[in-house]
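What follows is a short report on a single structure.
The values are calculated or read from the model by the stated rules, or taken from the named source; none is laboratory data. Quick caveat, the model's predicted, so the values are computed rather than measured. Virtual Cβ from ideal backbone geometry, glycine too; neighbours counted across all protein chains shown.
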């Protein structure tokens, strides 16, 4: 080869892994029709009472929900469903536990509403009759089971689920506080270490690891049920 000629090494890969990534991006995109925009996860009450009033207070609230509340539990449930995707008996236990874990009627409606809508929208990717016998299904269980059936990496799925969860609640706060889009993106960027740490901490977690201490967020959801004026369903 002549002197001074630049060389490069090309790495060939199959379409399988990129296809899995594209599916995960599609399923957890804000544009995927789960109706997530209609739920605030109790955030609306927190804004009305002054718990959340700006970017820093939103960041602290969401960090606690991710680390110690429903964010962590959703990641564990999704991981369990991912591993049990080919085991209907195990998946039925996971699905029942996911519904039993909900703190209040609105949380239950939130996860069922999004879970059922997710399965309906995901039909082009789902195996025939996928979860058809389960009735109402919690959102993280639906996402985890479908991801597992496609062989999508469990860790990537868990991190993406937490990111989507945080993104939706930031979007709700942008409308409720209100916050500017730039502030919302700053909060999302600041939460990256929390999302990564929570995804890592839930690795290997099972149903016995479910639980949390996000009491203020749970109370917010319960009190939202009787809030006088509401924009969101939870």
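Assorted remarks:
- Within the range 82-108, the set of residues being more than 15 Å from the chain's Cα centre (by Cα), within 23 Å of residue 41 (Cβ to Cβ) and touching a residue at least 60 places away in the same chain (Cβ under 8 Å) comprises 94, 97, 101, 103, 104, 105, 106.
- Residue count for the range 34-60, restricted to those that are in contact (Cβ under 8 Å) with a residue 24 or more places away in the chain, part of a helix (DSSP H, G or I) and closer than 23 Å to residue 194 by Cβ: 10
- Conditions (1) under 16 Å from the mean Cα position of the chain (by Cα); (2) in a helix (DSSP H, G or I); number of the one not met by residue 31: (2)
- Yes/no for residue 103 being part of a loop (DSSP other than H, G, I, E, B), more than 20 Å from residue 232 (Cβ to Cβ) and at pLDDT below 95: no
- The lone criterion from (1) at pLDDT 95 or above; (2) more than 15 Å from the chain's Cα centre (by Cα); (3) assigned to a loop (DSSP other than H, G, I, E, B) left unmet by residue 126 is number (1).
- Selection of the range 65-100 for residues being closer than 16 Å to residue 158 by Cα and not in a helix (DSSP H, G or I) yields 69, 84, 85.
- In the range 184-233, the residues that are over 22 Å from residue 160 (Cβ atoms) and surrounded by 19 or more Cβ atoms within 10 Å (Cβ to Cβ): 218, 220, 221, 224, 232
- Here residue 162 qualifies as in contact with a helix residue (DSSP H, G or I) (Cβ under 6 Å, 6 or more places away or on another chain) and under 20 Å from residue 35 (Cα atoms).
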